[in-house]
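Written below as structure tokens is the structure these notes are about.
The values are calculated or read from the model by the stated rules, or taken from the named source; none is laboratory data. No experiment lies behind these values; they were computed from the predicted model shown. Ideal geometry is used to build each Cβ from the backbone, glycine not excepted, and the neighbour counts take in all protein chains shown. Ligands, DNA and RNA are stripped out before the accessible areas are found, and what is left, the full protein with its side chains, is counted by its heavy atoms. Shrake-Rupley method; radii C 1.70, N 1.55, O 1.52, S 1.80 Å.
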Amino acid sequence: MVDHHAIHVAGVRLAYQASGPSDAPPLVMLHALGEDATDWDVVAPVFARSRRVYALDLRGHGRSDWPGEYSLQRMRDDVLGFLDALALDRVDLLGHSMGGVVAYLLAEDCPQRVDRLVLEDVPIPRPREQTTPTRPAGKLTFDWDMVLAIRRQIDTPDEKWLRRLSRITARTLVVAGGPRSHVPQDGIAELARRVPDGRVVTIAAGHLIHSSRPKEFAQTVMEFLLSEEEPCPVPEG
């Protein structure tokens, strides 16, 4: 069963979904740009068998507040405030794309709060060609101003973010989407190398790995979360 909740962090309402045994180790999941907590519904039940799963709507998305003030650092601080509010001292953290950037920023700044880190097809923080996205037609489930602000940061990331990957102490699994992804895969491999206890595995499904190949993604992530020292196997395909 999935429970829907909301809390306020520094005056911002954050909505989230919770599932799994209340006394199980916590797993916090952060969605990609323009998505929300429901994007994880296809894999969350697998994780909830052995984890207390928390899937957030980041600010500017879904049922969380759209406060008009947006940055990846603010999202990081929101997640940290969420952990504090729920008295979650140390968690496993899973982030997809933009959510993965938020996740590694938190792991850089507060390494003591993250036990294991999973980054799904997350770009390395290097400058890239800037483009202006086109607003989709119709009513949106996210704040378009947020998209513009976050895209600017991803296009021109703070140079400290790259250097500080070496501060991450969490055991880290970087899941790459392979040649079908629009995210440069050599950068994803470099990101994994820069994290001291990082490793990379490829599931050749493109950028939307967990929705395109949910069974393989969930199995790979769970084996990593439950493993001790043995390396995570690489799925075929």
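Mind checking the dipole of the chain: about its Cα centre, +1 per Lys or Arg Cβ, -1 per Asp or Glu Cβ, Debye to the nearest 20?
Roughly 320 debye for the chain.
Translational diffusion of the chain was estimated from the Stokes-Einstein equation, with Rh taken as the Kirkwood radius over Cα pairs; at 10 °C and 1.306 mPa s the coefficient is 90 µm²/s.
One quarter of the surface of the convex hull around the alpha-carbon atoms of the stretch 1-72 equals 4.9 nm², the direction-averaged projected area.
Its Cα centre serving as origin, the stretch 86-188 has a Cβ charge dipole (Lys and Arg +1, Asp and Glu -1) of approximately 60 debye. Only one residue of Ala107, Ser97, Leu162 has its Cα farthest out toward the positive end of the dipole of the chain, where Lys and Arg carry +1 and Asp and Glu -1 on Cβ, and that residue is Leu162. Using r as the Cβ-Cβ distance of Arg199 and Arg49, and R0 as 22 Å, what FRET efficiency do you calculate, to the nearest 0.05? It comes to 0.40.
Span-like helix check, the chain: qualifying full DSSP H segments, with Cα axial length of 15 Å or more and mean Kyte-Doolittle of -1.0 or more, are 72-85, 98-109, 144-155, 214-226.
Expressed as a whole percent, the accessible surface of the stretch 1-102 that belongs to carbon and sulfur atoms is 48, based on a 1.4 Å probe.
Restricting the GluC sites (Glu not before Pro) of the stretch 51-151 to loop positions (DSSP other than H, G, I, E, B) with no more than 15 neighbouring Cβ atoms within 10 Å leaves Glu69, Glu129. Each pair of Cα atoms in the stretch 83-162 enters the Kirkwood radius, and Stokes-Einstein at 10 °C and 1.306 mPa s then converts it into a translational diffusion coefficient of 111 µm²/s. DSSP beta bridges confined to the stretch 6-91 are antiparallel in about 60 percent of cases.
For the stretch 63-121, the solvent-accessible area with a 1.4 angstrom probe is 30 square angstrom per residue.
When only the Cβ of Lys, Arg, Asp and Glu is charged (+1, +1, -1, -1), the dipole of the stretch 39-134 relative to its Cα centre reaches about 200 debye.
Counted over the chain, the DSSP beta bridges are approximately 35% antiparallel. If you model the stretch 106-237 as an ellipsoid using its alpha carbon gyration tensor, with each semi-axis the square root of five times an eigenvalue, the axes come out at 26, 20, 14 Å, biggest first. Per residue of the chain, the DSSP helices (runs of n ≥ 4 H) give a summed -39500 (n - 2.57) that works out to -9000 deg cm²/dmol at 222 nm.
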